Amino acid sequence: MEKRQLDTRAEISWLVRSFYTKVRKDDLIGPIFNQQISDWEIHLERLTDFWETNLTFIRKYKGNPVQKHIEVDQASQDEITQVHFGRWLQLWFETINDNFEGDKAEAAKNRARNMSTHLFLKMYMSRPSND
């Protein structure tokens, strides 16, 4: 299969949808996502907006990922760990590496790595035991 470049919204949407198909089935992180997300179509469109904004700099995404992740962590009794984020990254990298190449594919991996660290730290610091 020829790898694509992540140049269009359609390619970004395909990446997001393929990735979250894996996430939803994953034994470790699937239950967290499946418990928190009631309308997957809305969620997938929002994440496509997020990644399109991050990769093409066309401002589509409106939201606060830090606050949302803090809320998910609280709903999970503050039990989300670096292991969960590591699995998320592993599936993200796997989906990109299997299907995409080029600068934007590398940027998507690097930004995900940076975001996962940032989001985990913000979640961790918001926990009651860290006040």
Handout entry: Which numbered condition Ile96 fails, given (1) touching a Lys or Arg at 6+ places or on another chain (Cβ under 8 Å); (2) exposed (fewer than 14 other Cβ atoms within 10 Å of the Cβ); (3) not polar (S, T, N, Q)
Key = (2)
Exercise for the section: Specify the residue that is surrounded by the fewest Cβ atoms within 10 Å (Cβ to Cβ); the eligible residues are those in the stretch 109-131 that are under 25 Å from Glu94 (Cβ atoms) and aliphatic (A, V, I, L, M). Expected result: Leu121
Practice task
Keeping to the stretch 73-105, report how many residues are out of contact with any Phe, Trp or Tyr (no Cβ under 9 Å at 6 or more places or on another chain) and not aromatic (Phe, Trp, Tyr).
Solution key: 17
Practice task
Taking the residues in the stretch 37-75 that are more than 17 Å from Ser13 (Cα to Cα) and among the hydrophobic types (A, V, I, L, M, F, W, C) as candidates, determine which candidate is surrounded by the most Cβ atoms within 10 Å (Cβ to Cβ).
Solution key: Ile70
Exercise for the section: Please work out which one of (1) surrounded by fewer than 17 Cβ atoms within 10 Å (Cβ to Cβ); (2) closer than 16 Å to Thr95 by Cβ; (3) under 14 Å from the mean Cα position of the chain (by Cα) is the condition Lys3 fails and give its number. Expected result: (3)
Handout entry: Of residues in the stretch 87-128 being of a type in the set (Gly, Ala, Ser) and free of Cβ contacts under 8 Å to residues at least 40 places away in the same chain, the one nearest to Thr48 (Cα to Cα)
Key = Ala112
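Throughout, read-outs are computed from the coordinates displayed, never taken from laboratory work. None of the values given here were measured: they were computed from a predicted structure. Please note: Cβ atoms are built from the backbone with ideal geometry, for glycine as well, and neighbour counts cover all protein chains shown.
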